[in-house]
Amino acid sequence: MRAIVLDTETTGFEPSEGHRIVEIGAIELFNDLPTGRNYHQYINPERAMPKEAFEVHGLGDEFLRNQPRFAEIAPGFLEFIGTEAPLIIHNAAFDMKFLNAELEWAKHTQIKAERALDTLLIARRRFPGSPASLDALCRRFGIDNSGREKHGALLDSEILAEVYLELIGGRQPDFGLATGPARAPGQPAQPDWRPRPRPAPLPPRLTPEESAAHEAFVAAIGEVAIWRRYQD
C-alpha cells in the first residue's frame, strides 16, 4: 500500500491570520518501506517572515522571495500525493489546515480530512502520559535526529518515517509473512503466490539408533508420555 509521510513549515500558527506555508517535504512509502521517491519544495509566502519563525526554520525573506508561490507548485504537489494514499503527519490538524487553506486560495480541491494519519495521536495512545513530540519519540526509539538543529520539512519527514515504522511495530511490521513480494508503484503485478504442500515428504533425519532410543525413553515414561497423544 502506498502512503506519504509529510511535513510543512509555516510563517506562523494560523492561516486565518495570514500565515502561509514556506516549505513542504514528503517521503513516499510502499508497504511501509521508503521507495526513494521524495517531494521537497520551498515556497514564497508572499509576506515577511516573522522573527520567531526565522529562528525556528532559518529561512529568510530574501531566500523565500526567489521561490515559487504555492499556486505554482500546487499541481506538482497534488500529483505527488495522489488522491488516495494516506498522509502520515505528526500533529496532522496543523498541517492539514494550512494545506487546505493554501489549496483553497489557489482554487484547488482540498484534501479530505480522513486521509490524514496522525502519528501524534498514535503515540499518545501507545504511551499515555509520556511526551509525544517528534524529538521525544526519537529519543524513545533511539533514532538519530542530531541533524535537526533547525526545523526542515524534508528532514522532519525522513525522521517521521522512521518514527512511524516504530510506532506500528518496528521496521518489519509483518515479520516477512506477507503472501507475496512487495512491489513499487508502476511495477507489473506479480502472480498470486500461495504455499503448497511438498510434492514428496522430506526423508526422516533420525538414525535407526536414535529412533530406538526415543522409543525406549517413551516406554520408560509410560502411558502419561505426551508423545503418545500425537501418535497416528
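Each value in this text was obtained by applying a stated rule to the coordinates, not by laboratory testing. Being a predicted model, the structure only gives us computed values, none of them experimental. Note: ideal-geometry Cβ built from the backbone for every residue, glycine included; neighbour counts use all protein chains shown.
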ask   = Which ones in the range 202-225 are surrounded by 10 or more Cβ atoms within 10 Å (Cβ to Cβ), outside any helix (DSSP H, G or I) and either acidic (Asp, Glu) or in contact with a Pro (Cβ under 9 Å, 6 or more places away or on another chain) (or both)?
value = none
note = Conditions (1) surrounded by 13 or more Cβ atoms within 10 Å (Cβ to Cβ); (2) within 25 Å of the chain's Cα centre (by Cα) -> Asn44 fails only (2)
query = How many of the residues in the range 103-149 are in contact (Cβ under 8 Å) with a residue 12 or more places away in the chain, closer than 14 Å to Asn91 by Cα and more than 17 Å from the chain's Cα centre (by Cα)?
reply = 1
message = Let me spell it out: the conditions are (1) part of a strand (DSSP E or B); (2) under 16 Å from the mean Cα position of the chain (by Cα), and Phe80 meets all of them except one. Which number is the exception?
response = (1)
request  = Scan the range 57-69 and report the pairs whose first residue is farther than 22 Å from Phe13 by Cβ and whose second residue is assigned to a loop (DSSP other than H, G, I, E, B) and among the β-branched types (Val, Ile, Thr), with Cβ atoms within less than 8 Å and a gap of 6+ or a chain change.
outcome  = Pro68/Ile43
key: Cβ-Cβ under 6 Å pairs, at least 6 apart or on other chains, the range 31-53 side over 30 Å from Gly169 (Cα atoms), far side in a helix (DSSP H, G or I) and of a type in the set (Phe, Trp, Tyr)   = Ile43/Phe70
